[in-house]
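*Asks:* The following block contains the structure, expressed as structure tokens.
The values are calculated or read from the model by the stated rules, or taken from the named source; none is laboratory data. Keep in mind that what you see is a predicted model, and the values were worked out from it rather than measured. Ideal geometry is used to build each Cβ from the backbone, glycine not excepted, and the neighbour counts take in all protein chains shown.
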């Protein structure tokens with residue numbers, strides 16, 4: 001992932017406050033916390049007003065996540081979790097995300113979530129209401145040489 005975009009390139013934003021407990025011995029936010037921050041952006045798109053867009057008897061599960069660490073995050077402060085849908089498949093959704101602190105990109109991420117039938121534990125085709133909901137966050141994306149989707 002080589003191209004860093006401005007926060008405005010992403011249609012969905014969630015501000016997260018950093019906690020002292022998010023820091024490690026080096027005095028910056030621990031890299032494992034980056035994954036949790038990115039999760040909040042994914043959840044923000046998959047849930048509308050606290051209700052999942054998944055079909056009845058289904059849930060979304062993470063199938064893949066890539067994180068490219070670009071800069072440190074520091075406490076105290078907040079982080080802008082920026083998220084965009086870059087592809088909607090039969091049962092999956094690809095997301096492009098970035099973490100920004102003070103308009104500086106600290107991480108880029110690409111992830112794939114899959115709608116899973118909770119009874120069969122298999123992928124389940126996305127229904128039209130979910131497609132419409134996800135579509136509102138869709139952007140056209142370019143692929144970098146690393147294969148990561150970056151907002152165009």
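*Asks:* So if I check each of 50, 77, 17, which one is at positive phi and in contact with a strand residue (DSSP E or B) (Cβ under 7 Å, 6 or more places away or on another chain)?
*Replies:* On the way: 50 fails: in contact with a strand residue (DSSP E or B) (Cβ under 7 Å, 6 or more places away or on another chain); 17 fails: at positive phi.
Going through 50, 77, 17 in turn, the sole match is 77.
*Asks:* If we keep just the residues of the range 67-104 that are out of contact with any helix residue (DSSP H, G or I) (no Cβ under 7 Å at 6 or more places or on another chain) and under 15 Å from residue 31 (Cβ atoms), which is surrounded by the most Cβ atoms within 10 Å (Cβ to Cβ)?
*Replies:* The selected residue is 73.
*Asks:* Find the residue count for the range 25-54, including only residues that are in contact (Cβ under 8 Å) with a residue 40 or more places away in the chain and under 13 Å from the mean Cα position of the chain (by Cα).
*Replies:* Step one: filter the range 25-54 for residues in contact (Cβ under 8 Å) with a residue 40 or more places away in the chain, giving 27-29, 33-34, 37-38, 40-42, 45-46, 48, 53-54.
Cutting the leftovers down to under 13 Å from the mean Cα position of the chain (by Cα) gives us 34, 37-38, 40-42, 45-46.
Here the count works out to 8.
*Asks:* Follow-up question, since we're still on this one. For residue 64, work out the one condition from (1) surrounded by 14 or more Cβ atoms within 10 Å (Cβ to Cβ); (2) in contact with a strand residue (DSSP E or B) (Cβ under 6 Å, 6 or more places away or on another chain); (3) in contact (Cβ under 8 Å) with a residue 40 or more places away in the chain it doesn't fulfil.
*Replies:* Just one mismatch for residue 64, condition (1).
*Asks:* Let me ask something additional. Of the residues that make up the range 139-151, is at least one touching a helix residue (DSSP H, G or I) at 6+ places or on another chain (Cβ under 6 Å), modelled with pLDDT under 95 and either part of a helix (DSSP H, G or I) or more than 30 Å from residue 26 (Cα to Cα) (or both)? Let's see the steps before the verdict.
*Replies:* In the first step, residues of the range 139-151 are kept if they are touching a helix residue (DSSP H, G or I) at 6+ places or on another chain (Cβ under 6 Å); the result is 151.
If we keep only those that are modelled with pLDDT under 95 too, we end up with 151.
Now narrow it down to the ones that are either part of a helix (DSSP H, G or I) or more than 30 Å from residue 26 (Cα to Cα) (or both): 151.
Checking the range 139-151: at least one residue is touching a helix residue (DSSP H, G or I) at 6+ places or on another chain (Cβ under 6 Å), modelled with pLDDT under 95 and either part of a helix (DSSP H, G or I) or more than 30 Å from residue 26 (Cα to Cα) (or both).
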